[in-house]
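Undergrad: Once you've had a glance at the structure underneath, I'll fire off some questions.
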Amino acid sequence: MAPAELSVKLQASSGSKIRDFLNANLINILAAFLFLLLAFFLLYPIIAVLIKSLRGPSGFTLEYYRSFFSKNYYFQSLFNTLLLGVINTVVCLVIGFCLAYMTTRGPWILRKPLKIIALIPLIAPPYLFALSLIILFGRNGIVTRMFDLHWQLYGFNGVVISQTLAFIPLAYMMIENTLMSLNPNLEESAYDMGASEATILRTITIPLLAPGLLKAALLIFVMTIAEFGNAAILGGRTPFLAPDTYTMITGESDFNMGSVLSVILIAPCIIIFFIHNYLLEGKKFTTIGGKPVASEPRKITPLIQAPFIIITTVAAGAIFICFAVVFVASFYKILGVTHNVVLSNYLDFTSNQAIYNSIRVSFVAAVIGAFIGVLLAYVIVRGKFFGRTFIEMVSLSGFALPGTVVGIGYLLAFSAPPLKLTGGIMILALNCVFRFLAVGVEAGISKLHQINIEIEEASADLGASFLTTFYRIVLPIMFPAFIAGFIYTFMTAIVSLSAVVFLVSPGFALASVKIFDAAVYGEVGIASATTMKLVLIVTICMLILNFIRNKTRLGGSMKKSAAV
Amino acid sequence: MKRKPIAFVVAAIFSLVLAGSTPAEDINAYMGTSPDNNAKIAKFIKDKTGITVNQTFQSFGEIEARAKAEAPNFNADMIIGCGSPLAFMAKKSGWSHPYVSPAWKGVAEVFMDPQGDWYNIANFSFVLVGSKDRLAKAGYSMPTSWKDLLDPKWKGEILMPSPLSSGTANMMRFSFLALYGDDEGWKFLEALDKNIAYYTRSGNAPTDLVGRGEFMLGITSDENVKKRIDDGYPLIWSIPNEGTGYDGTYALIFKGTKKLAACKKIIDVLGTPEFSTLMAEIGYVTPRPAPNALYGKTLPKYIKLDLAKAADDKPKNNDIWKQKLRTDFK
Amino acid sequence: MDMRENERPMLILKDIHKFYGKNEVIKGVSLEVRKGELVTFVGPSGCGKTTLLRLIGGFTDVSSGDIILDGQRINDLPPNLRDTRICFQNYALFPHMTVAENVGYGLKINKWPKHRIEARVKELLEMVELQAFADRMIDRLSGGQQQRVAFARALSLEPKVLLLDEPLSNLDANLRLVMREEIRNLQERLQITTVFVTHDQFEAMAISDRLVVMKDGLIEQVGSPIEIYERPANEFIAGFVGYVNFMEGRVASIDENTRNTVINTEYGKIEITLSQGDINSADEVLMVIRPESVNISLDCGGKGQNVLSGALKSYMYAGSLAKCTVKIGDRTMIIDQYNPRDAQQFKHAEKVEVHIPRSVHLLKRKR
Ligand SMILES: Nc1ncnc2c1ncn2[C@@H]1O[C@H](COP(=O)(O)OP(=O)(O)O)[C@@H](O)[C@H]1O
Ligand SMILES: [Mg+2]
């Protein structure tokens, strides 16, 4: 209601000159405002980290960096982190691709179950897998004992396995999205022309998917190296940067060194972000980004099908088992130690409060994030001012920034007046808004590219003010993008730990932090039950949102065809 | 028509944001005992004073980092449960609001600062835990001296928390340094390191992992041991001959709080014998003597400590720790 | 025509059924397509044209029935082993390849030697007049050019049957006319058996040897464009292939020798020369009166044979023809007056005479 009212008031209270000026410049004013927001909530915290890493008690110093680069330990940590990131990214991409391929091209009966299994862990905190793995494969785990195995879960391997399982869903979701929007006729044409399944994959599917794969790779890499839950629980003596940073800040209260580690953690992410942008330059194929279509199953030759089936079965099986363990564990005080089934884990009041808080934070973040995302997209596409690309890059860079670093940045930047924000819900929500902004912005941009500027001009022709046009024409058309940004922010925010763990305040527990604490404290039952509750509630939220989205998708396309 | 949803959404955001604002009689506190025990303490305070304590669980280390980052504008009104390094630093830096509580009269000097800058609501220690099943299977018995832990047969089977992330582990370190003297102490820690599987992040973690049988032995906080045994973990615990160290669980009021009266009220109830009984039942050693859940009536043998010095030495010892015990930290 | 009739069919569909889940989309379709023939599936959107084409191409399996290509049953062959080639409605050109790479894709897949690929691609591009664009990326081509690339790509391996799914629907009106002529010319020159799908009845009539009119997963009528237009099998087809004025009547008499037939209508007797055998005396019939078959003149009072008088409701002059709306009794008739020389007079006329031709087609009315 507000914008329309505002425009009415403007028209009523001021002369037409001012109105014209505003109409002509509103988009620039809006852009400036948005840029200030980005600068304040995204750039400034990162710069605060950078400054902290360079400023000692007596002014500027490179001492902390020297200390980093002179210690083998940190190199080891950096090396492990990068290796973990690379292995994880590659494995997640391969598995995610196989899963996505099966659920979009495979036999009908497999599609739904595989999809559900692949997506459910998305709403569970990533470090959940560390818990399951200890229960099953720890040195005294159920499976270990059963087969009298002697393996070492604590260390690099354990972290890789748990981290991979944790990020398969994300990889799957992103790849499935691009596969869905890949016109199936392209592959069918190749098929028709005599290409075998493998040839189609090699010459058509994968090259066309490359931009999507690249993006998924970037995201997974960044999230992997920033997520410290699994490494903290299963890392053993193997150092990784993210948990080291966490310890450095929370344990040793060494903000300078913590900032150095953060900057080092950020460096590869930024480099990859730029490589990604560079590679995608001029590679935006027109066929991608169309409306999602379900492809009919193909008669895949067994030879090709075999590896796909093996990989998907193993991956889906592993995810399923880990999840089943969590489910079972939620009914025991401590699974594997005590033997009577209890419901007390579910009745834990403090975890209910935490879940409620998480949903509140995520909801607020999602609404604000989606809204800002749509506005940013609008400004980026329709604006004609200098620095548009810069704004675009900054708003998309959020997801390339490790959560740990942004969390520390917020702690450094906003814990003292005049910018004191710590404590309460807003800092948590804002943190999520700006970290997860990219998806909403991108969806908005692609939506805006689909609609004709003439519709807006026609509306302006009819005498509508900028605000009215924006409100009546642009927003409804961009509603799907709004929903996309909303859903992504909501889902990611609700399980994210790496940043918010630095920002939670007394009286405002979040579910992800609560689960992590319970896990670290050995309260397996409570950790599991809280997770199950979270999964259930978020699933319900998602179903509702999906329902809304399906409705708006229909509505959106109707409006579009009516307008043309 | 179209406007309604947005108005609704705006309203929804506001209501959600505002839902965070809190009722009249409440304070924000950093609380560093386990989530469970935090809840018990908060409930006790609520029952006795009607004041709601808003808190999230944070480790001693986290609270320390948080307080340092926020000083002198704290997000909380007080701390109920932090380690000695922060308590002493707060007094030194003038972050704490002195208040001499009449309710605390007569407690031993380790439990209360003469100026009333901090109060030690409960002492905790560290103990040795062992996995009943794993020890039996290997045919080993519980070590009776800390030095027994250096036996190569324990290689890869001992857990202990890292002093870099855990206040409990810091206590272990300064206790061993006090017990053996600095030189011998470091040698002991270095030798012990050869047998340590890895250093856990939290001070309680060894209890759980040894309880699960993942490792045979753990040097761990005594806080959770009783509860875990009650939960059904096949655990045995002991305190080797040399005794154990201790550290306090400190409460203090932050300077600048707007709810000074409520904070004082809380400090007062924390000094009552009833509160001591509650903490003793959990397993703490308390300012007002009460039967202890873990140790019973006879308190364990303590290593002689200077907590103030320990707090001062912490940064230095962290550096030495990294130099000596991270083999690749060169 | 006769020579072709003797040739064996290139493609045979035998009682094809297709279910998507419980939904029967193709409900029993049988058809023979002769070698070198261009057959068009035409029907309203959703009637199953694309599905039928996909069944022939092998992208989806028939639920029952047989598909026989050049004497061989191909039901179980995957698309890459079928000698059919499809052009999708959206062209499905590979956006990451140049024009030449697109056209040469099938050749490369089939392991043609490099120099032969080059030669063949050149030949094909010349055929569709795109030599100059060989190295362009696809998204730098206009719609018509993309259509040609798709066509050239589909022809590259000389398939036995070419399947075209609404190939012209994404082009603007003028280009559509040009392209359909080009496609038809090439098809005739190469003598390539083609199944063409469109929902545009005029396009279908213009381009095809034979039309297959479909509705709801069933074939309504198969025949040459003239047959379909002049002798539609039912009301749906009559209305589908062009505007039609229907008039109910009852056959009063049929002269066995001259086939002179008298039909009683509510506006009087109409006499026609019957050219179909399925009509008998006393049948209730529907006369299929095409707008352009009717003559219209200014009312002169005297009534002749097959002349109905009516009121001119509107007269829209459009150069080569004028569209007249005439009210006869309580029904409206649309009449196309070609070569409207005396438009001036009609503009202000009120009463007109309408001359029903003797060649009217009759449909039996179901009771
Ligand atoms: N893959 C599919 N799954 C389920 N139903 C389908 C599928 N493809 C087509 N249909 C249905 O089959 C019917 C015929 O579709 P189609 O062959 O595309 O029609 P046309 O090409 O004549 O417009 C439609 O009702 C459509 O909804
Ligand atoms: Mg179709």
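The values are calculated or read from the model by the stated rules, or taken from the named source; none is laboratory data. Keep in mind the model is a prediction, meaning the values are calculated, not measured. Cβ: placed from backbone, ideal geometry, glycine included. Neighbour counts: every protein chain shown.
Undergrad: Within the range C:9-34, can you find the residues that are of a type in the set (Lys, Arg) and more than 10 Å from ligand 1 (Cβ to nearest atom)?
TA: Across the range C:9-34, the qualifying residues are C:14, C:22, C:27, C:34.
Undergrad: If you go through the range C:254-267 one residue at a time, do you hit one that is within 30 Å of residue C:36 (Cβ to Cβ) and in a strand (DSSP E or B)?
TA: no
Undergrad: Which pairs have Cβ atoms under 9 Å, sit 6 or more apart or on different chains, and link a residue in the range C:32-57 that is under 22 Å from residue A:189 (Cβ atoms) and of a type in the set (A, V, I, L, M, F, W, C) to one that is part of a helix (DSSP H, G or I) and away from ligand 2 (no atom under 13 Å from the Cβ)?
TA: That search, which allows pairs on different chains as well, returns C:38/C:183; C:38/C:184; C:38/C:187; C:38/C:188; C:38/C:207; C:41/C:204.
Undergrad: OK, next. Would you confirm whether any residue within the range B:44-53 is outside any strand (DSSP E or B), within 12 Å of chain A (Cβ to nearest Cβ) and among the charged types (D, E, K, R)?
TA: No, every residue in the range B:44-53 fails to be outside any strand (DSSP E or B), within 12 Å of chain A (Cβ to nearest Cβ) and among the charged types (D, E, K, R).
Undergrad: I'm told residue B:139 meets every condition in (1) surrounded by fewer than 20 Cβ atoms within 10 Å (Cβ to Cβ); (2) assigned by TED's automatic domain parsing to the domain that holds residue B:275; (3) on the phi > 0 side of the Ramachandran plot except one. Can you identify the failing condition by its number?
TA: (2)
Undergrad: A further question follows. Could you list, in sequence order, the residues of the range A:222-264 that are surrounded by fewer than 24 Cβ atoms within 10 Å (Cβ to Cβ) and either more than 14 Å from chain B (Cβ to nearest Cβ) or within 15 Å of residue A:51 (Cα to Cα) (or both)?
TA: Once the filter is applied, which keeps residues that are surrounded by fewer than 24 Cβ atoms within 10 Å (Cβ to Cβ) and either more than 14 Å from chain B (Cβ to nearest Cβ) or within 15 Å of residue A:51 (Cα to Cα) (or both), the range A:222-264 yields A:254, A:255, A:256, A:257, A:263, A:264.
Undergrad: If you take the residues in the range C:159-210 that are part of a strand (DSSP E or B) and more than 16 Å from ligand 2 (Cβ to nearest atom), which one is surrounded by the fewest Cβ atoms within 10 Å (Cβ to Cβ)?
TA: Looking at residues that are part of a strand (DSSP E or B) and more than 16 Å from ligand 2 (Cβ to nearest atom), I get C:210.
Undergrad: Let me ask something additional. Considering only residues of the range B:196-234 that are part of a loop (DSSP other than H, G, I, E, B) and under 14 Å from the mean Cα position of the chain (by Cα), which is farthest from the other protein chains (Cβ to nearest Cβ)?
TA: Of everything passing the filter in the range B:196-234, B:222 is farthest from the other protein chains (Cβ to nearest Cβ).
Undergrad: Pick out the one residue from A:544, A:477, A:473, A:515 that is modelled with pLDDT of 80 or more and either more than 14 Å from chain B (Cβ to nearest Cβ) or surrounded by fewer than 24 Cβ atoms within 10 Å (Cβ to Cβ) (or both).
TA: From the options A:544, A:477, A:473, A:515, the qualifying one is A:544.
The rows are residues; the columns are (1) within 13 Å of chain A (Cβ to nearest Cβ); (2) more than 15 Å from residue C:160 (Cα to Cα); (3) within 16 Å of ligand 2 (Cβ to nearest atom).
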| position | (1), (2), (3) |
| --- | --- |
| C:56 | yes, no, yes |
| C:59 | yes, yes, yes |
| C:70 | no, no, no |
| C:76 | yes, yes, no |
| C:79 | yes, no, no |
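Undergrad: May I pose another question? So which residues in the range B:148-166 are closer than 30 Å to residue A:248 by Cα and either not in a strand (DSSP E or B) or not aliphatic (A, V, I, L, M) (or both)?
TA: B:149, B:150, B:154, B:155, B:156, B:157, B:161, B:162, B:163, B:164, B:165, B:166
Undergrad: Taking the range C:163-220 as the region of interest, how many residues are within 14 Å of ligand 1 (Cβ to nearest atom), acidic (Asp, Glu) and away from chain A (no Cβ under 14 Å)?
TA: Residues that pass the stated criteria total 3.
Undergrad: Restrict the check to the range C:61-68 and report whether at least one residue is within 14 Å of residue C:217 (Cα to Cα), buried (at least 18 other Cβ atoms within 10 Å of the Cβ) and within 16 Å of ligand 2 (Cβ to nearest atom).
TA: Checked the range C:61-68: no residue is within 14 Å of residue C:217 (Cα to Cα), buried (at least 18 other Cβ atoms within 10 Å of the Cβ) and within 16 Å of ligand 2 (Cβ to nearest atom).
Undergrad: Within the range B:296-311, does at least one residue satisfy the condition of being crowded, with 17+ Cβ neighbours inside 10 Å, touching a Pro at 6+ places or on another chain (Cβ under 8 Å) and under 25 Å from residue B:64 (Cβ atoms)?
TA: Yes; the residues of the range B:296-311 include at least one that is crowded, with 17+ Cβ neighbours inside 10 Å, touching a Pro at 6+ places or on another chain (Cβ under 8 Å) and under 25 Å from residue B:64 (Cβ atoms).
Undergrad: From the list A:407, A:424, which one is under 23 Å from residue A:492 (Cα atoms) and crowded, with 22+ Cβ neighbours inside 10 Å?
TA: A:407
Undergrad: Could you please find all residues in the range C:35-91 being part of a loop (DSSP other than H, G, I, E, B) and within 10 Å of ligand 1 (Cβ to nearest atom)?
TA: C:43, C:44, C:45, C:46, C:47, C:48, C:59, C:60, C:89 - these are the residues of the range C:35-91 that are part of a loop (DSSP other than H, G, I, E, B) and within 10 Å of ligand 1 (Cβ to nearest atom).
Undergrad: Right, next: Out of all the residues in the range B:120-173, which are within 16 Å of residue B:236 (Cα to Cα), within 14 Å of chain A (Cβ to nearest Cβ) and β-branched (Val, Ile, Thr)?
TA: Result: B:129, B:158.
For (1) part of a helix (DSSP H, G or I); (2) within 13 Å of chain A (Cβ to nearest Cβ); (3) within 23 Å of residue A:210 (Cα to Cα), each residue gets a yes or a no:
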position: C:96; (1), (2), (3): no, yes, yes
position: C:100; (1), (2), (3): yes, no, yes
position: C:104; (1), (2), (3): yes, yes, yes
position: C:115; (1), (2), (3): yes, no, no
position: C:123; (1), (2), (3): yes, no, no
position: C:139; (1), (2), (3): yes, yes, yes
position: C:148; (1), (2), (3): yes, no, no
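Undergrad: Now, a different point. For the range C:211-231, enumerate the residues that are away from ligand 2 (no atom under 16 Å from the Cβ) and acidic (Asp, Glu).
TA: C:220, C:227, C:230
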